Each structure stands twice: as structure tokens, then as C-alpha cells.
Amino acid sequence: MTDRSPLAPIEVRKRFMDEPLLGAGNFLDYALEGNPNRSVPYAFTHHVDHTGAVSMRGHSLEQLAAQRDRYASWYHANGVRPHQPVGVVVPDGLEPLIHFFALTALGAIPTLINDAMPHDVMVRYLNHVGVVGVVADDTTKLAAAYRADPQSRPRFIALSYEVQSCDTSQTSLPDQYPYRHQPEDVVGLIHSSGTTGTPKASKLGHRQFWEGKQPRMVRFPTDEDDKLYSLMPHTHAGGLSYFLTTTLLGLPTMVAGDWRRATVEPVMEAFQPTMMASFPRTFVELATGELPTKGAANVHSWFNTGDSAHYGHIRRLVTLGRRPAGLIKPWLLPQDHPADADIPGSQYIDGLGSTEMGMALFGQVTTPESERDDRCVGRPSEVVDDATILDPDGNELPDGTVGMLAVKSVSLTPGYWNNERLTASFRLNGYWLTGDIAYRKPDGRFYHLDRTVDVIDTETGPVYSLLMEEVLLADCSAQILDCSVVGVAAGSGVGMAPVAVVKLQSDALNLTQEEVLELANAKLAEAGLEKLHAVRIAHGEKDFPLGPTGKVLKRQVRTQMATVLTG
């Protein structure tokens, strides 16, 4: 770390808000031009050795731009031209972001892929996109797959080391560099998590992906001591979104390469962040067992996006850290509290969003003072032109009625790459369907009940898996570490029935499946919810399958549990 701040001055950040040509394809160049502290490191990477010792390395805007130009010269020498998609399969962290910068500077379309994606799925995805080339840390399996189908082989399959070690004295950049994007240009393809099937390729538009983030230039916490630890996968829109924001702000940011607690906690202790951004996957681990009090000592905000989080995990995390009094609603402050004194505890900002939404479009803030409000995702953000609940015919439903969550917003994706039919299926009556089941209360707050594909159609009506998971994780937290509720064929032969696979807490491993089922159903009954018809205890990763972004693959859980009631 350095004594000099890398933050962009407030007048520069305000200017970014009004720049008509700024977008996802050129934000590094705007930050480089506007921030006078461009030589001060702001993006940090880390290494944890076998003893647990943490070493950190800082990267300035100037250094990132130099690295980008080296990569871009390699891509240009290998024939990459504007509007061509290129696959990037490198480990998470800062590296995929450098490739993103390089390819967008050429006007090409980076197709970022989480390297945990199974290779057979990856090849199908790359073929669907029609990439002109692939850069990967390990090309062995990819090359073998393409040897079996040579007609679909892209123009090049190269090791990332070749790009990193490019001799720029032997290459050149285009005469027009960096590329000048039009607002509607596609500047990236991001795959979905694949939790409901084969990953979809969502398009990021140059201007679209920046829309809605402008207020962050003045509202995102940027005190001199603020630091963000970004645990989002940086091959995902969430990670890119946060890095876009922190790059323009010049906010010190630790760019994670590993989301598991064994690595995250020592890095937290070394970096001492004031903010943490992640999918629920890491927050679940941090909220389990002994809390990371040292690493979270200065945390005032936890930012969650993607799937909305569960109260059972949130309530433990907000006991950590400390908040500046300015983050607390005045009526919640103790009487005669000094204006400059911190308050114990932190706030958890749970954002419901997706790649298709462009950012979190709903947000709910939980603090130690908040009352429990299961599945509330708050009100729509200011970038949402309209949010409502629709029936299958596109009719708006009254408050309190469950239906499909639908939004109108300038931040929405232009659609899915090479799949207009799929794009059209998510549009209804002028709205974009988020793929969620929800309802709205008269005060404007929305409640997220389930993903559309995960609703359990029982003989007596629909049952929502997320509502059941909420109760299991909050009210059985002493026994259940994590869980996934899915619907399978009912034993009666009519409709579906809810079952669950659960991961047990370390001190509850002696429980039998029957005991867990009895405990779970007692708490579900107290909440007025449907009972579980079976429970299976997960004993390994295969029993609790996770996708590339750390989400539970419910389609695989359904397959594993398909005959548990009928077999």
C-alpha cells in the first residue's frame, strides 16, 4: 500500500457521470485520462503461501494500461479485428480483466469463461458463440476436443503465457487505437451460471452496461480509508461491474482469485477492507463457524448480488465490523452519540440482479437493528423505469399476488448472442422477464420467492423452494450449514413434492437423515410452509454440486434425487 491516495477527485467523478461516450468498452481510458493519481496503485492482487503468509501487489492505472497494450498487440498480430468474439479461459482474478481491456481496445468482443466450467460444456458454448480464437491457461483438453471435431476449430488456440510474454518490438497496434465504440456496440459476452441448464451468452452493450452506474461516482463509499475486497468472479458481469466502478473511482480494490474461506480470511486480515463484494457463496462460508472478527474489524458494508442471500447467514455477518455514524439512520443512533464516532456492526446490501439486468435492480439493506423480513429484496433502484408482477399472458397482477417479476430499464442486456428466439422468450408486454417468481406489497417492496424453473408444482398448488430454504438456514442453523430444496416426482404419483439435500454443521454430523427431516419439518410447520418429504445428507462435493460461479446446480440435485420418493 502507499501513503498517497489513488482516489479520483470528486470533480473528475462528477464529470464521468456526464460523459456521453464513456462505457464498458473504454472506462480504463477515461480513468487514465481523468485521474491525476494514475500512477498510484489501486488494484491489488495477492498470494497466500503454504504457511498462510500473505503477499500483496498493487497495480496502477498506468501499469494496467501498459499490460493491456502488450496483450492487445498479441491479439492484433494474430488477426483479431473489431466485432470478432474471442474466448478467454484463464483463472479468476485480475488476469481476465486485462484480457477484457485488451480485446475491447481492439473493438473485439471478449468472451469471458469461468475456467471451472466443464470442458465439454465449454466447447459447446464456444462453438455456439463462434469465437475466432481461444486463449487459455491450459489448452490440452480444448485442443483434444477440437481434434475430434476439426471443422469447428477456431483460428487459434493459444496458451495465455504466449500473450503475457509478447515481444512488442515484433508487433504493432492498429492506427486507430484504442477503438472508438458506438453506444450500441457489443463489448463482451458473459455466460450464465448454468444452474438451470446450458449456459446462455448474454451480450454486454458499451453504453448499456454503464447505464445506471453513474450515481456510484458520488454515492459509493470513498472515504480516504475505504477499501473494497471484490470476491465476485471477474469473468462474470458482477465482477466486471464492480471493477468498472472502482477503476473510475480509483478506489483501492483487492481483486480476488479464490473465493474460498481458507484463502479469503488471511487476505482480509492483511488488507483490512471496509467493504466486501461477493456472490452468496463466500458469505455463506464466512458466516459459518467461528466468525472472521480480525479480517472484518473495519468492514462497514457487505455487497451481495446475483442470488439474494438468506437471513440465516446475513444476521451473523452484520454483527461484525463497524459503521461510520453517517451510514446509520439518525433515529437509530443512540442518544447523544458523537457525530464522528463509529457504531458497532455493519450493513448487508442484498442486491437482486443478473447479467441480463446489467446490475442489481433491487436492493435490501439489513443491519443489526433490522427486523427479520424473509425474502424481501426491497424496492427497485432508480435505474428501473418500471417493475411489476405479470401473469403468463402479460397482464399486471395486483399487489400481494404471486407471478413473474418483470422490469423495464436502460441497463438491460441487448439480448442473447446468436439466439433471437431465446431473447424474445424473455420479453413480454414490453417488459423483460427476470426469470423470478415474486410478489409486491402495497408499500412497493418486492419479495423473491423462487426461480421460475425451481417452483415445485405439488398436488395442492405451487411450493417455493427459496422460502423453505430460508427457514431451514435461519431456524435450523445449529444443525444445517447449507441446503438446496428441489421438487421431484411425488410418492403418490400425482404432482411433485419438495425434498432437500443438506450440508450439516461440523458439530451435527452425528445426526441421521430421519432426525434432520423431523427437525426441518417442525420448523417449516411453525412457519406455515409445506413439509419436506425426504432429506439427503451431503457427504461430498458430488452430493452438493456447485456451478462455475459457486451456485448450487439444482438441475443436478433434481436428477440425483429424482427417484427418492418413487424408487
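Once you have the Cα-Cα distance between ALA527 and THR452, take 0.36 nm times their residue separation minus that, and quote the gain in nm to one decimal.
Working: separation 75, 0.36 × 75 = 27.00 nm, distance 2.23 nm.
Stretched out fully, the ALA527 to THR452 stretch lengthens by 24.8 nm.
Computed from label points 7 Å out along Cα-Cβ, the spacing between ASP385 and ALA116 is 3.6 nm.
Can you tell me the order of 150-158, 49-57 when each peptide is scored by its average per-residue count of other Cβ atoms within 10 angstrom, highest first?
Put in order of decreasing packing, that is 150-158, 49-57.
Sorting 259-268, 556-565 by average packing, meaning the other beta carbons within 10 Å per residue, from highest down gives 259-268, 556-565. About the centre of its Cα atoms, the chain shows a dipole size close to 1040 debye [charges on the beta carbon of Lys, Arg (+1) and Asp, Glu (-1) only; nearest 20 debye].
Which residues does a label at TYR161 reach in the stretch 107-136, if reach means a backbone N under 15 Å from a point 7 Å past the Cα toward the Cβ? Inside the label zone: 136.
Across the options GLN272, MET254, MET496, the greatest Cα extent toward the positive end of the charge dipole of the chain (unit charges at beta carbon of Lys, Arg, Asp, Glu) belongs to MET254.
Under 1.5 on a/c is rounded, so check that first for the stretch 87-236, then, if it is not, pick prolate when a/b is larger than b/c and oblate when it is not; a ≥ b ≥ c are the square roots of the alpha carbon gyration tensor eigenvalues. Please list the in-between numbers first.
On the way: a/c = 1.70, a/b = 1.38, b/c = 1.23.
Note, shape of the stretch 87-236 comes out prolate.
Just how large is the dipole of the stretch 1-154 about the Cα centre, in debye to the nearest 20, putting +1 at every Lys and Arg Cβ and -1 at every Asp and Glu Cβ? Present the calculation step by step, with values, prior to reporting the outcome.
Numbers: 13 positive and 16 negative charges, 52 e Å.
For this selection, approximately 260 debye.
Using a Förster distance of 56 Å, how high is the FRET efficiency between LEU21 and GLU290, based on the Cβ-Cβ distance and rounded to 0.05? Let's see the in-between values first.
On the way: r = 49 Å, r/R0 = 0.88.
Computed FRET efficiency for LEU21 and GLU290 comes out at 0.70.
Rounded to whole numbers, the Karplus 3J(HN,Hα) couplings from phi for the stretch 432-449 are 9, 7, 7, x, 10, 9, 7, 8, 10, 8, x, 7, x, 7, 9, 10, 8, 9 Hz, using 6.51 cos²θ - 1.76 cosθ + 1.60 with θ = phi - 60°, and x at Gly and Pro. Charges were assigned to the Cβ only: +1 to each Lys and Arg, -1 to each Asp and Glu. The resulting dipole of the stretch 335-451 about its Cα centre is roughly 500 debye. Values of log10 I(q)/I(0) for the stretch 340-384 across q = 0.18 Å⁻¹ run -0.62, by the Debye formula with one identical scatterer at each alpha carbon and no solvent.
Using only Cα atoms, what Kirkwood radius does the stretch 106-151 have, in angstroms?
Values: mean 1/r = 0.0879 Å⁻¹.
One over the average 1/r among Cα pairs gives 11.4 Å for the stretch 106-151.
Taking a straight line from the alpha carbon of LYS203, these aspartates and glutamates sit under 14 Å away, with near neighbours fewer than eight places off in the same chain left out: GLU184, ASP185, GLU356, GLU420.
Before I look further, what does the stretch 266-325 give for accessible area per residue, probe 1.4 Å, in whole square angstrom? Provide the component values of the computation, followed by the final result.
On the way: 1660 Å² over 60 residues.
That works out to 28 Å² per residue.
Within the stretch 152-192, what whole-number % of the accessible surface is contributed by carbon and sulfur, with the 1.4 Å probe and all protein chains included in the calculation? Write down the numbers at each step before the final one.
Details: 1070 of 2370 Å².
C and S fraction of accessible area: 45 percent.
Of LYS200/LYS523; LYS141/LYS200; LYS213/LYS542; LYS200/LYS408; LYS213/LYS551, which sit over 30 Å apart, Cα to Cα?
Values: LYS200/LYS523 37 Å; LYS141/LYS200 22 Å; LYS213/LYS542 38 Å; LYS200/LYS408 21 Å; LYS213/LYS551 25 Å.
Check vs 30 Å cut-off fails for LYS200/LYS523; LYS213/LYS542.
Compared with the direct C-alpha span, the chain from ARG427 to VAL410 gains 4.7 nm at full extension, assuming 0.36 nm per residue. Taking a point 7 Å from the Cα of LYS14 along the Cα-to-Cβ direction, the residues of the stretch 217-246 with backbone N closer than 12 Å to it are 218.
Placing unit charges on the Cβ atoms of the charged side chains and taking the dipole of the stretch 369-495 about its Cα centre, the candidate lying farthest along the positive direction among THR452, SER411, ALA438 is SER411. Taking amide H positions as modeled 1.01 Å from N, with prolines and chain starts lacking one, the residues under 5 Å from TYR42 and 5 or more places away or on another chain are HIS59, SER60, LEU61.
When each of the peptides 532-538, 218-224, 391-397 is scored by the mean number of other C-beta atoms lying within 10 Å of its residues, the order from highest to lowest reads 532-538, 218-224, 391-397.
Using a probe of 1.4 angstrom, how much of the accessible area of the stretch 213-319 is carbon and sulfur, in percent? After summing per-atom areas, the C and S share lands at 48 percent. Solvent exposure of the stretch 341-494 amounts to 39 Å² per residue of accessible area, where only protein heavy atoms count and the probe is 1.4 Å. Working note: Karplus 6.51/-1.76/1.60 with θ = phi - 60° gives the stretch 36-41 the couplings x, 9, 5, 8, 8, x Hz, where Gly and Pro are set to x.
Let me make sure I get this right: for the stretch 200-288, a, b and c are the square roots of the gyration tensor eigenvalues over alpha carbons, sorted descending. Under 1.5 in a/c it's rounded, otherwise prolate if a/b > b/c, else oblate. Which is it? Let's see the in-between values first.
Values: a/c = 2.42, a/b = 1.29, b/c = 1.88.
Here the stretch 200-288 falls in the oblate category.
Backbone amide hydrogens, once placed in the peptide plane, bring GLY378 within less than 5 Å of PHE446, excluding anything fewer than 5 places away on its chain.
For the Cα trace of the stretch 1-87, dividing Rg by the Kirkwood Rh returns an Rg/Rh value of 1.07. Considering only the other residues whose Cβ falls under 14 Å of the Cβ of LEU22, what net charge follows from Lys and Arg at +1 and Asp and Glu at -1? Surrounding charge for LEU22 is +1. Surface composition of the stretch 1-80: carbon plus sulfur atoms hold 48% of the accessible area, using a 1.4 angstrom probe and ignoring ligands, DNA and RNA. Taking the simple approach of a point 7 Å from Cα along Cα-to-Cβ for both ASP137 and GLU224, what is their distance in nm? Each label point is offset 7 Å from its Cα along the Cβ direction, giving 3.8 nm. Phi angles across the stretch 99-111 convert, under the Karplus curve 6.51 cos²θ - 1.76 cosθ + 1.60 with θ = phi - 60°, into 3J(HN,Hα) values of 4, 4, 4, 5, 6, 5, 5, 8, x, 7, 10, x, 10 Hz, Gly and Pro given as x. Thinking of the stretch 488-547 as a set of Cα atoms, what percent of all their pairs are more than 15 Å apart? Tail of the P(r) past 15 Å holds 57 percent of the pairs.
Gap in Å between the Cα centre of the stretch 310-328 and the Cα centre of the stretch 41-93? If you average the Cα positions of each part, the centres end up 33 Å apart. Taking each residue as 0.36 nm, the span from GLU371 to ASN510 lengthens on full extension beyond its C-alpha to C-alpha distance by 46.7 nm. For ALA158, the amide hydrogen comes within under 5 Å of the amide hydrogens of VAL134, VAL135, ALA136, counting only partners 5 or more places away or on other chains and with H modelled in the peptide plane.
So what's the back-of-envelope 222 nm ellipticity for the chain, counting only DSSP H runs of four-plus at -39500 (n - 2.57) apiece and dividing by all residues, rounded to 500? Can you show the working numbers first?
Values: 16 runs with 149 residues, N = 567.
Computed ellipticity for the chain at 222 nm equals -7500 deg cm²/dmol.
With K and R counted +1 and D and E -1, the other residues having a Cβ less than 9 Å from that of PHE279 yield a net charge of +1.
The values are calculated or read from the model by the stated rules, or taken from the named source; none is laboratory data. Quick caveat: nothing in here was measured; it's all calculated off a predicted structure. Neighbour counts run over all protein chains shown; Cβ positions are idealised from the backbone, glycine included. Just the protein is used for accessible areas: all its heavy atoms, side chains included, with ligands, DNA and RNA removed. Shrake-Rupley method; radii C 1.70, N 1.55, O 1.52, S 1.80 Å.
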